[in-house]
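One structure below.
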Amino acid sequence: MQRGQDQSIKPIRVAVTGAAGNIGYALLWRIASGDCFGSNQPIILQLLEIPPGMQRLEGVIMELKDSAFPLIHDIIGTDDPEVAFKDTEAIFLVGSRPRTKDMDRSDLVAANGPIFVGQGRAINSVASRNVKVITVGNPCNTNALIASANAPDIPSRQFTAMTRLDQNRAVGLMAEKAGVTSSRIKDVFIWGNHSNTMYPDPRFALVEDQHATEIFDRNWLNGEFLNTVATRGKAVIMARGASSAASAASAAVDHMRDWWQGSDGRIVSMALPSEGWYGVPEGLVYSFPCKCEDGEINVVDNLEIDEFAQGKISENIQALLQEREAVSELL
Ligand code: NAD
Ligand code: LMR
């Protein structure tokens, strides 16, 4: 029997919005090949675009079919969110405008925020009650908040935003500096907002079996390392002339795979509505250290916080409160 052909496993419905965009083009192939939901899990892809994107979406669907993935049972392309989200178990909210080189991510909120009102409502109406949602479209923390606020019948914990790309960037930088592969780096994670204020926390990170804080100079960790991670999105835009796409898709797969299949005891970064952890006001979609098991995200809520970390945690609270205030009419 071919991989993915176990007829006893029921297909799951997975939606991707902005499916004809740059991230979509990298993400769909990773999902379809089994990297996210497992090499035995059949999938029905439900792809959402806006009307001007529908012709490009047709081309993407042709190519997906031409890839003959054994796990793919059906592909639906639509510009109707209620069709795209119908009975979905997992949703990737990607579709939205990327920033240009002279913008901050928060400048996108006026253009992108309203998208997540309609999509939140559609998720509320038609998605599985257990749906797992990752928001990638920027500003992703606040867009996740908007989607969740408009889906009152779905527990808010099921709406997350992506800071895994920032974590992966931190891992990549540490690995390069230490001269090891990224598989040797563990438990570096991101606090707060997917914005320049984010805090990549190195205090619990291990390089092989040694503490990162013993290997790397403190000035590097709190200076160049932090700033490089926090501003990497802009650096990619300046170099590529377009925002990160393949690395963003890869991080979205990492996020959803760990949520779906477990993080194997590792700490991973996920932004989710605060339940008051570490003094973060309830409801703010904030990136915390998390571990995933049995399809659940558990915030690691007992880490020691020093003065520097507290300063960064508070700075991110302020940034997210301001973003929440700016979209109050969408909540
Ligand atoms: P893109 O412009 O290449 O593609 C976006 C696609 O979304 C387009 O095809 C567009 O037609 C579609 N779209 C727009 N509005 C839509 C809507 N209402 N419903 C469905 N589809 C819609 O952009 P991209 O490079 O794929 O980036 C998408 C988003 O992801 C941007 O907001 C970008 O800033 C963000 N992003 C986030 C991270 C992160 O780490 N969180 C990383 C990279 C990019
Ligand atoms: C990134 O971090 O690469 C994305 O959020 C794109 C951006 O605008 O920085």
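The values are calculated or read from the model by the stated rules, or taken from the named source; none is laboratory data. Predicted, not measured: the structure shown is a model, and the values here were computed from it. Cβ atoms come from the backbone with ideal geometry, glycine included; neighbour counts cover every protein chain shown. Note: accessible area is taken over every heavy atom of the protein model, side chains too, but ligands, DNA and RNA are not part of it. Shrake-Rupley method; radii C 1.70, N 1.55, O 1.52, S 1.80 Å.
Of the conditions (1) in contact with a strand residue (DSSP E or B) (Cβ under 7 Å, 6 or more places away or on another chain); (2) open to solvent by 20 Å² or more (accessible area, probe 1.4 Å); (3) over 22 Å from D254 (Cα atoms); (4) among the polar types (S, T, N, Q), Q41 satisfies every one except a single condition; which number is it? Just one mismatch for Q41, condition (3). One residue is enough: does region 222-233 have a residue meeting the conditions within 11 Å of ligand 1 (Cβ to nearest atom) and either within 30 Å of V16 (Cα to Cα) or open to solvent by 60 Å² or more (accessible area, probe 1.4 Å) (or both)? Yes, there is a match, as at least one residue in region 222-233 is within 11 Å of ligand 1 (Cβ to nearest atom) and either within 30 Å of V16 (Cα to Cα) or open to solvent by 60 Å² or more (accessible area, probe 1.4 Å) (or both). If the condition is being outside any loop (DSSP other than H, G, I, E, B), open to solvent by 20 Å² or more (accessible area, probe 1.4 Å) and closer than 14 Å to V16 by Cβ, then region 45-60 contributes only R56. In the condition set (1) away from ligand 2 (no atom under 11 Å from the Cβ); (2) loosely packed, with under 14 Cβ neighbours inside 10 Å, R240 is compliant with all but (1). Taken together, the criteria place T88 among residues that are more than 9 Å from ligand 1 (Cβ to nearest atom), outside any strand (DSSP E or B) and surrounded by 20 or more Cβ atoms within 10 Å (Cβ to Cβ).
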